[in-house]
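I have placed the structure first, in the form of structure tokens, so that the comments after it can refer back to it.
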Amino acid sequence: MKQFQYVKASSNAGVITAISKPGTKIIAGGTNLVDLMKRGVTAPDRLVDITHLPLKSINITGKGLHIGALALNSVVAENALVVEKHPLLAMALKAGASPQLRNMATVGGNMMQRTRCTYFYDTAMPCNKRAPGTGCGAIGGINRMHAIFGTSSKCIAVHPSDMCVALAALDATVIIAGPKGQRTLQFTEFHRLPGEHPELDNHLATGEMILSVEIPDNNFAKNSYYLKVRDRQSYAFALVSVAAALDIQNGVIRGARLAMGGVAHKPWRLFEVEKSLIGKKPTEENFAQAAQLAMQGAKAYEYNAFKLKLAPATIAEALKHASGLV
Amino acid sequence: MEEAIKTAIPSSADGMSRIDGRAKVTGKAKYAAEYRPDGLAYGVLAGSTIAKGTVTAIDIARAEKAPGVLAVVTHFNSPKVPGHQKPKKPTKKAGPILVFNDNVIHYNGQPIAMVIADTYERALYAASLVKATYNKQAHDTKPPSDISMGIAPWGKDSVRGEADAWKNAPFKLEQEYVIPTEVHNPMELHAIIAKWDGADKLTVWDKTQGTQATRDDIAKAFNIPAANVQVIAKFVGGAFGSALQVWPHEIAAILGAKLVRRPVKLVLHRQDMFTSVGHRPYTWQKVGIGATADGKLVGITHEAVGQTSTYEDFAEGPINVSKGLYACPNVTTRYKLLSLNIGTPTWMRGPGEATGAFALESALDELSYQVKIDPVQLRLINYAKVDPENGKPYSSKYLDEAYKMGADQIGWENRRQEAGAVKKDGWLVGYGMGGGMFGAYRDSATVKAVMRADGTLLLQTAVTDIGPGTGTAMVLIAADIMGLPADKIKFEMGDSSLPNAPMQGGSATTATVGGAVYDACTELKQKFQKLIGNGGTDNPDYAKILSDKNLAGLDVTTQSSLGADAQNKYSMQAWSVHFTRVLVHPATGVVKIDKVVSVADSGKVISQKTARSQLIGGAIGGIGMALMEDAIIDHRYGRYVNNNFADYHVPVNADIPQMEALFVNKPDSHINAMGAKGMAEISLIGMAAAVANAVFNATGKRVRDLPITPDKLI
Ligand SMILES: Cc1cc2nc3c(=O)[nH]c(=O)nc-3n(C[C@H](O)[C@H](O)[C@H](O)COP(=O)(O)OP(=O)(O)OC[C@H]3O[C@@H](n4cnc5c(N)ncnc54)[C@H](O)[C@@H]3O)c2cc1C
Ligand code: SF4
């Protein structure tokens, strides 16, 4: 890999100044960035190690549960507050990667991880995300793992995270710091669709860093489930995953949150399906019906048409688990 | 002979742990890439980005100027490898890749340049700066899909009895089966350190399955005496066949070391493991099979087309199982090779037979539903008591017992013959079985056995251990004959300068080297018994005898092989059968293996623990074959797209249930004194069908193109 400078940051302000310069990147757990550097997909001149900053805390604030950007994936998954209040997040985290990776991976790094599209990883292949204007290798190529929602003629990649699917479902917000101070974004607005600019994965601007995420209180702890369908039982990215959270009172659904992974360039929240479930009884038939709604606007490519069938099946199955039907 | 067998299997053998287990798990075991000769430099290869054509220019200027770079080698500037000469007689194919020898590109990823630098990272970076210009030609990487494709390496069809007789049977079927390209992908990457000790003297630490074969090939390539080349492979982190030959990267490192006058280390990247060190070839197969109403096979026709490269033919035996596994009067086989712009395939665990067994054992399962006969029963009805190809008796065969052991252990009686009939907690439950065979080989090997003054025994031979636990088995054999505790015996191997031994391959090591250890130890013991005279004793006190006779030590060097007589008289085979219980989720198509029982009929078991590991490991390889492994090429570019461990899946712990490994454990009294046959290949052969058949039993869906991923079941 290209020789680079390495600096340890001692303050958020220091990080922001450093990453405002071109060619500089934050390194957290390094589980994604270092791989990309080894394969020549990215070649920063300078890395800013942020792992010594005090951004690891997990605690309750007036706005809900606060999780620092440097909290490790494994720590978040085991945290008592998380397990008690938002078991969906714990389940999603445990469905991701491997224990070794989760021990290194941070919340911020997980949000910022890049697509696993194999064309993106191979510098000998065309890819608009890695090298804008070279074309999309996956369109017309091997696209079994690719998106069925929100694609563009420039890119059909998916965001690979499991954690983010749960956070999107749980109405989380993202706290961001930058040269102009702090700002907050809805988690569902953090990642973007590829459109004309697949090189941009999200709405983080140059010089900005993630400080934390916050999850508002909810009534979903009892009835939530993360279901990840994959080619092997562990250490594989999702073919389709579903985060399902229900608020069931007296046998009737009062609130629902649903998001899918493995189907779009961002965690794919299913607002319409959620609405359709309100006031319904948690039955297999109702779930199957609702799941069909999710597929409006879906578009398959040569090798991923199975997702059109797998996605609704997984939604229905996840809802069954969440509601205790299985 | 009987007597020898009894004593040769020590009861203390049961449960002895690997002699090198501790070294392996504590990191003390040194693998090829872990040696640190003074002045070590690092080589990194750059590969072609086209699949066919010629290299017209390579810009190395930026790479040469990059920090730490010692040399950039391409075919334009490479020192000549003296043994790299074009064959004098023109042949149809170009022959093996002669690295940096010419400008012709045969496959995507073929090495076109090597950067040598003072650190690995610097070499890696400089390699990314090498830019080639090509004259690109239309490539072909599309795998076979019909018997009309390719050429027959062995000429005509093989016909036993009547050709294509299955067509006349009352019950019959004809189906196509596909095994995609699989990559050996041992955990340890292929690696070499080459160090010249003089103009014609070389030391090489290498990942290889055969130190002496590698030594000879290198000596030939560089035109130096074989005695001047020392190849060391003390530990090998898996290979599965991929290290049975010398590949271009090994030659590259050696020529690089000569050029920069420093030892050079070259470790392949995971991507290169897909292109440059062989693979199990994508194979299309068609099986026609017919039987009478009572399940007697009338005929089998087995066709197969495997892929090979455009520059070499690699042929294996996928159709062998159809010739040998069952007593079927009429068997027709056709085998062809299709030349593509890919690296040449090579032997991969259970080569050919594993591919063929998937097709045959699936077809037999399909037939069992037609004739409505239990699959185990169907196999017993067609049980071969003599080799159906040549009528020879088997040196030993207890496969019927293996069937029974496996069926009992898995709970086969709970299987229902109709598919999709059993459900448990929302999952479909299915049972399946499949088996296989592989020739039981024994080669020639030489072992030196040295009894030292302190009463410890040293055994030496050049063989390697790529993982099965060879050293452990050898120590157990020696312990029994010599009457010594295992910790008084040292087995030294993995060095070409030791006495001759063949490559570790073809499941032949235990039979071959074990046979030689047996003979050497027997001879050495007799030498001691002669020394003390009087017919000796059964348990000589070696240290005392040496001291009494004022000797520093006593040794013998013994060569041993299988007599031609036994080989001519008997058909020597090893058998396996695998039983699986699987769960399939009806909505998501997820397959979970719930239980596996694998049974081997491979003669007497020498080392319980390592044999068990071997059988389990092979069966897990079969699960990978059934459910996951698939090296995918984007044919527009002729380039692999899932060439890493995140995308090319092999089973992880979560995929593996309780695995039961059972052994018939009855000696083959003809192959060697211990009665032991190899079991590396049979551990895998038949497993993929056992899984696919169970999936069918669970779901009623027959998947004939592996791997069985969830999308194929919804
Ligand atoms: C083989 C493999 C399998 C995997 N499987 C899964 C899976 O199944 N599911 C899943 O969800 N994930 C999976 N992962 C991905 C894993 O979750 C990510 O690699 C990890 O979360 C990244 O975190 P990190 O701290 O190591 O990030 P790094 O690698 O350090 O950084 C990643 C990116 O984030 C940026 N970054 C880091 N922190 C911040 C911050 N605070 N503000 C702004 N930018 C920041 C970095 O600049 C960099 O661009 C897998 C990874 C591997 C290697
Ligand atoms: S899908 Fe996106 S990431 Fe993949 S090749 Fe196309 S542009 Fe690149």
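The numbers here are math on the coordinates, done by the rules we state, and not lab data. No experiment lies behind these values; they were computed from the predicted model shown. Cβ placement follows ideal geometry from the backbone for every residue including glycine, while neighbour counts extend to all protein chains displayed.
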Please turn the phi angles of the range B:589-603 into ³J(HN,Hα) values with the Karplus equation 6.51 cos²θ - 1.76 cosθ + 1.60 (θ = phi - 60°), one per residue in order, whole Hz, x for glycine and proline. x, 6, 9, 10, 7, 9, 7, 10, 10, 10, 10, 10, 10, 10, x
Amide H to amide H under 5 Å from B:THR310: which residues, 5+ apart in sequence or cross-chain, H placed 1.01 Å off N in plane? B:LEU340, B:ILE342
Using θ = phi - 60° and the Karplus relation 6.51 cos²θ - 1.76 cosθ + 1.60, list the HN-Hα couplings for the range B:336-345 in order, rounded to whole Hz, with x at every Gly or Pro. 9, 10, 10, 7, 10, 7, 9, x, 5, x
I need to check one value: relative contact order of chain A, counting alpha carbon pairs closer than 8 Å and at least 6 residues apart, in percent. 17 percent
Can you grab the distance from the C-alpha centre of the range B:604-648 to the C-alpha centre of the range B:103-118, Å, no decimals? 27 Å
Per-residue HN-Hα couplings for the range A:128-134, Karplus 6.51 cos²θ - 1.76 cosθ + 1.60 at θ = phi - 60°, whole Hz, x for Gly and Pro? 5, 6, 7, 9, x, x, 7
Ratio for the range B:285-411, C-alpha Rg to 2.2 N^0.38 Å, reads 1.17
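Given 0.36 nm per residue, what is the gain on full extension from B:THR91 to B:ALA315 after removing their alpha carbon distance, in nm? Intermediate results must be reported in sequence, preceding the final value.
Values: separation 224, 0.36 × 224 = 80.64 nm, distance 1.69 nm.
Full extension from B:THR91 to B:ALA315 adds 78.9 nm.
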For B:ASP705, B:ASP480, which order do you get if you count the other beta carbons within 10 Å of each Cβ and list the fewest first? B:ASP705, B:ASP480
Can you return the lysines within cross-link range of B:LYS448? Criterion is Cα-Cα under 18 Å, with same-chain partners fewer than 8 residues away left out. B:LYS234, B:LYS488, B:LYS490, B:LYS525, B:LYS527
Under a plain spin-label model, where a point goes 7 Å from the Cα along Cα-to-Cβ, how far apart in nm are B:ALA23 and B:ASP487? 1.7 nm
With labels modelled as points extended 7 Å from the Cα through the Cβ direction, what inter-label distance (nm, one decimal) is found for B:LYS424 paired with B:ASP146? 4.5 nm
With chain A treated as a Gaussian network of Cα nodes joined by springs under 10 Å, which of A:PHE149, A:PHE220, A:PHE271 yields the largest mean-square fluctuation? A:PHE271
In nm, what is the difference between 0.36 nm times the number of residues separating B:ALA61 and B:THR456 and their Cα-Cα distance? 136.3 nm
Computed [θ] at 222 nm, helices only, for the protein assembly as shown once each DSSP H run of length n ≥ 4 contributes -39500 (n - 2.57): -7500 deg cm²/dmol
Distance histogram for the range A:167-326 (every C-alpha pair counted, 5 angstrom bins, percent rounded to whole numbers): 2, 9, 16, 19, 18, 15, 11, 7, 3, 1, 0
Placing +1 at every Lys and Arg Cβ and -1 at every Asp and Glu Cβ, with all other atoms neutral, what dipole size does the range B:450-511 have around its Cα centre, in debye to the nearest 20? 60 debye
Sparse-neighbour loop sites [GluC sites (Glu not before Pro); the range B:101-190; at most 16 other C-beta within 10 Å; DSSP]: B:GLU162
Long-range amide H partners of A:ILE27 with built H, under 5 Å: A:VAL48, A:ASP49, A:ILE50
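What FRET efficiency do you get for A:GLN296 and A:GLU196 if R0 is 22 Å and r is their Cβ-Cβ distance, rounded to the nearest 0.05?
0.40
Quick one: compute the contact order of the range B:405-476, relative version, from alpha carbon pairs under 8 angstrom and 6+ residues apart, as a percent. Provide the component values of the computation, followed by the final result.
Values: 35 pairs, mean separation 9.6, N = 72.
After rounding, I find 13 percent.
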The simple spin-label model distance between B:ARG270 and A:GLN5, using points 7 Å out along Cα→Cβ, in nm, is 3.2 nm
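As a test, work out the antiparallel percent of DSSP beta bridges whose residues both lie in chain B, rounded to the nearest 5. Walk me through the numbers before you get to the answer.
Values: 95 of 124 bridges.
Taking every DSSP beta bridge with both residues in chain B, the antiparallel ones total about 75 percent.
Using Stokes-Einstein with the Kirkwood hydrodynamic radius over Cα pairs, what translational diffusion coefficient do you get for the protein assembly as shown at 37 °C and a viscosity of 0.692 mPa s, in µm²/s rounded to a whole number?
In µm²/s, the coefficient is 105.
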A:ILE278-A:ASP35 FRET efficiency (beta carbon distance; Förster radius 60 Å; 0.05 resolution): 0.90
Out-of-range pairs (alpha-carbon distance over 25 Å; input B:LYS385/B:LYS609; B:LYS28/B:LYS595; A:LYS94/A:LYS154; A:LYS266/A:LYS299; A:LYS228/B:LYS424; B:LYS397/B:LYS609): B:LYS385/B:LYS609; B:LYS28/B:LYS595; A:LYS94/A:LYS154
Could you tell me whether chain B comes out rounded, prolate or oblate from its Cα gyration tensor? Rule is a ≥ b ≥ c as square roots of the eigenvalues, rounded for a/c under 1.5, then prolate if a/b exceeds b/c, otherwise oblate. oblate
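I need the per residue convex hull volume for the range B:579-625, using only the alpha carbons, in cubic angstrom as a whole number. Kindly include the intermediate steps, with their values, before the conclusion.
On the way: hull volume 3.4 nm³, N = 47.
Here the figure is 72 Å³ per residue.
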Mind checking which lysines have their C-alpha under 22 Å from A:LYS2, skipping anything on the same chain fewer than 8 residues away? A:LYS21, A:LYS25, A:LYS38, A:LYS129, B:LYS65, B:LYS131, B:LYS265
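Please give the contour-minus-distance gain from B:ASP157 to B:ASN568: 0.36 nm per residue of separation, less the Cα-Cα distance, rounded to one decimal in nm.
145.5 nm
Relative contact order of the range A:1-76, please, whole-number percent, based on alpha carbon pairs below 8 angstrom and at least 6 residues apart. All intermediate terms of the calculation are to be shown ahead of the outcome.
On the way: 107 pairs, mean separation 25.5, N = 76.
Relative contact order, the range A:1-76: 34 percent.
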Can you find, among A:TRP268, A:ALA311, A:ASN250, the residue sitting farthest towards the positive end of the charge dipole of the range A:224-323, where Lys and Arg contribute +1 and Asp and Glu -1 at Cβ? A:TRP268
Quick one: net charge of B:GLN230's neighbours, Cβ under 10 Å, K/R +1, D/E -1? +1
So, with +1 on the Cβ of K and R and -1 on the Cβ of D and E, and no other charges, what is the size of the charge dipole of chain B about its Cα centre, to the nearest 20 debye? 1040 debye
Go through the range A:169-258 and name the trypsin sites (Lys or Arg not before Pro) that are in a DSSP coil and have 11 or fewer other Cβ atoms within 10 Å of their Cβ. A:LYS180
Residues with amide H under 5 Å of A:GLU302's amide H, sequence separation 5 or more or different chain, H placed in the peptide plane at 1.01 Å from N; which? A:GLY140
Pick out which of A:PRO87, A:PRO282, A:PRO160 has the largest mean-square fluctuation in a Gaussian network model of chain A, springs linking Cα atoms closer than 10 Å. A:PRO282
